[in-house]
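What follows draws every value from the coordinates through simple rules; no lab data is involved. Source: prediction; values computed, not measured. Quick reminder, even Gly has a Cβ in these numbers, built from the backbone with ideal geometry, and neighbours come from all protein chains shown.
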Amino acid sequence: MHSQTHTVFILAGGVAGAAGVALSAVAAHAGGGNVGTAASFLLAHAPALLAIGLLGGNRVLSAGGAILLAGLALFCGDLLMRHYAGTRLFPMSAPIGGTAMIAGWLVIAASALAGRGRP
């Protein structure tokens, strides 16, 4: 049985994957570099979010997944706001999101040192 945290990661991974496919179609038919970039990031990170949700792990892994998810939302949200609304999500949201994704991946890597069996 999955905890509520794992359910969130599975849901986020599924939504990111679906959004990535839909935005890829938009980018292919209507153009738009920011839309294509957002689609690529969503598709690249969806499997990681699904894996975190399905495999579970320790608190460090969950924290890394949360940081990754927040960064993905900020980065892609900013790119899509620029494309569709002509404005930024908020100043520095894409760089903050990108930095958070990098940090999330590093925390995920560090989770291997934390031990899988710890709560």
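Below, the figures for the structure above:
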| item | result |
| --- | --- |
| Where R59 falls short, out of the listed (1) without any contact (Cβ under 8 Å) to a residue 60 or more places away in the chain; (2) over 20 Å from S24 (Cα atoms); (3) of a type in the set (K, R) | (1) |
| Subset tally (residues that are surrounded by fewer than 20 Cβ atoms within 10 Å (Cβ to Cβ) and touching a helix residue (DSSP H, G or I) at 6+ places or on another chain (Cβ under 7 Å)) for segment 84-94 | 3 |
| Residue satisfying condition, being more than 18 Å from W105 (Cβ to Cβ), more than 18 Å from the chain's Cα centre (by Cα) and aliphatic (A, V, I, L, M), within set A30, A39, A19 | A30 |
| Positions within segment 62-119 being farther than 17 Å from T37 by Cα and hydroxyl-bearing (S, T, Y), in sequence order | S62, S111 |
| Among the candidates L61, L23, residue that is under 20 Å from A100 (Cα atoms), among the hydrophobic types (A, V, I, L, M, F, W, C) and surrounded by 13 or more Cβ atoms within 10 Å (Cβ to Cβ) | L61 |
